[in-house]
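> The structure is given below, and queries will be raised subsequently.
No value in this document is a laboratory result; all are computed from the given coordinates. Note that the structure is a prediction, hence the values are computed from the model and not measured. Methodologically, a virtual Cβ is constructed for each residue, glycine included, from the backbone with ideal geometry; neighbour enumeration extends over all protein chains shown.
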Amino acid sequence: MDHAEQQHLAGLPFYAPQGGEVALFTHAWRQRLPVLIKGPTGCGKTRFVEHMAARLGRPLVTVSCHDDLGAADLVGRHLIGPQGTEWHDGPLARAVRSGAICYLDEVVEARKDTTVVLHPLADDRRQLPIERTGEQLQAPPGFMLVISYNPGYQNLLKSLKPSTRQRFVALDFGYPDAATERAIVQAEAGVDAGVAAQLVHLAQGLRRLTGHDLEETASTRLLVMAARLSADGLPLRAACRAAIVDALTDDADTAAALAEVVEASL
């Protein structure tokens with residue numbers, strides 16, 4: 001990496017690459033291909049998209065999907081205004097018109113009618129039909145569709161159909177290796193290498209923990225939160241209790257088991 005590239009990256013949202021994901025995303029954007037990012041909660045999916053949007057010089061429109069999110073919330077709807085009924089673009093239509101990167105986070109949480117809207121945008125047509133206005137928006141070259149979900153939450157009711165999945169280039173994310181995760185915790189929280197190493201060691205112990213009904217394990221995000229509390233003066237054990245143990249479970253027995261791992265690791 002030359003000096004000019006280092007200076008450019010210094011002004012971007014921090015992201016520590018784990019493999020070839022930066023190159024793959026860049027190639028997909030150049031080839032006007034949509035991207036599907038799979039990975040557990042708190043592993044850096046959203047930060048990666050923010051980093052890549054800035055790196056490519058594109059505006060970013062992010063939508064956090066939820067159970068009540070439908071096609072009209074994405075595309076737009078008619079609303080009553082001072083001059084009568086007016087059409088208002090939703091975030092997806094705004095992203096298409098402006099040539100932005102549109103990121104739909106946890107897309108499987110949205111209602112099923114949303115994925116149907118994405119199909120003509122995610123194939124060679126790159127079009128967004130707006131039935132209520134009769135418009136057919138053609139995505140400009142800079143537009144890119146990115147979706148993400150957590151495979152750990154997949155079930156028969158919340159999954160992507162093959163007809164949707166096969167329109168996307170897939171990126172599979174996991175938690176970083178120990179060295180990369182230590183660098184992330186240091187950079188994000190401003191703690192020293194020793195604290196970062198302790199937290200990563202703790203996370204590795206918690207991720208090996210079995211026999212407890214945990215929906216999620218200790219994510220990189222939780223490590224950064226604990227590190228930030230520690231950097232502000234809270235004792236590290238208390239920071240781990242608040243940001244990791246109590247964030248992962250409400251069950252007293254499970255919390256006690258996690259706390260034992262904290263004590264053994266620190």
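> Could you list, bin by bin from short to long, the percent of Cα-Cα pairs of the range 71-134 in 10 Å steps?
Bins of 10 Å from zero give 20, 52, 23, 5 percent of pairs.
> Which loop-located GluC sites (Glu not before Pro) does the range 114-201 contain, where loop means any DSSP state but H, G, I, E or B and the Cβ has at most 13 other Cβ atoms within 10 Å?
Listed in order of number, the matching sites are Glu131.
> For Ala259, project a label point 7 Å along Cα to C-beta. Then give me every residue of the range 221-241 with its amide nitrogen under 13 Å of that point.
Under 13 Å, as judged by backbone N against the label point of Ala259, lie 237-241 of the range 221-241.
> Further, regarding this structure: What size of dipole, in debye to the nearest 20, comes out for the chain about its Cα centre when the only charges are +1 on Lys and Arg C-beta atoms and -1 on Asp and Glu C-beta atoms?
Approximately 940 debye in magnitude.
> Put a dot 7 Å past each Cα toward the Cβ at Arg125 and Asp251; how far apart are the dots in nm?
Label-label distance for Asp251 and Arg125, simple model: 4.7 nm.
> Using helices alone, I'd like the mean residue ellipticity at 222 nm for the chain: each DSSP H run of four-plus residues gives -39500 (n - 2.57), total over residue count, nearest 500.
On the way: 12 runs with 111 residues, N = 266.
-12000 deg cm²/dmol, from helical runs alone.
> Over the residues of the range 138-257, compute the C-alpha Rg and express it relative to 2.2 N^0.38 Å.
Numbers: Rg = 18.0 Å, N = 120, 2.2 N^0.38 = 13.6 Å.
So the Cα radius of gyration is 1.32 times the expected 2.2 N^0.38 Å.
> Looking at the chain only, what percent of DSSP beta bridges run antiparallel? Nearest 5 please.
Among the beta bridges of the chain, antiparallel pairing accounts for roughly 35 percent.
> What does a probe at Leu12 reach in the range 41-64, counting residues whose amide N is under 17 Å from the point 7 Å along Cα→Cβ?
44-61, by backbone N distance to the label point.
> ³J(HN,Hα) across the range 114-127 via Karplus (A = 6.51, B = -1.76, C = 1.60, θ = phi - 60°), whole Hz, x for Gly/Pro?
Couplings: 6, 5, 5, 5, 6, 4, x, 7, 9, 10, 5, 5, 6, 10 Hz.
> With the crude spin-label approximation of a point 7 Å out along Cα→Cβ, what separation in nm comes out for Arg30 versus Leu266?
4.7
> With a bin width of 5 angstrom, please list the P(r) values of the chain as percents of all Cα-Cα pairs, from the 0 bin to the one holding the largest distance.
Computed distribution, short to long bins: 1, 5, 12, 14, 15, 14, 12, 10, 8, 5, 3, 1, 0, 0.
> Here's a follow-up. What is the packing order of peptides 161-169, 238-246, taking the mean over residues of other C-beta atoms within 10 Å and listing the highest first?
Numbers: 161-169: 14.4, 238-246: 20.2.
My ranking of the peptides, most packed first, is 238-246, 161-169.
> Could you tell me the center-to-center distance, by alpha carbons, between the range 75-124 and the range 243-261 in angstrom?
40
> Using the Cα centre of the chain as origin and beta-carbon charges of +1 (Lys, Arg) and -1 (Asp, Glu), tell me which of Ile101, Ala226, Thr249 is placed farthest towards the positive end of the dipole.
With unit charges placed on the Cβ atoms, the residue in question is Ile101.
> Between the helical axis of 220-231 and the dominant principal axis of the chain, each derived from Cα atoms, what acute angle in degrees is found, rounded to the nearest 10?
Here the helix axis deviates by roughly 50 degrees.
> May I pose another question? Where does the Debye-calculated log10 I(q)/I(0) of the range 97-194 sit at q = 0.25 Å⁻¹, using only Cα point scatterers of equal weight, no solvent?
Ignoring solvent entirely, the Cα scatterers give -1.35.
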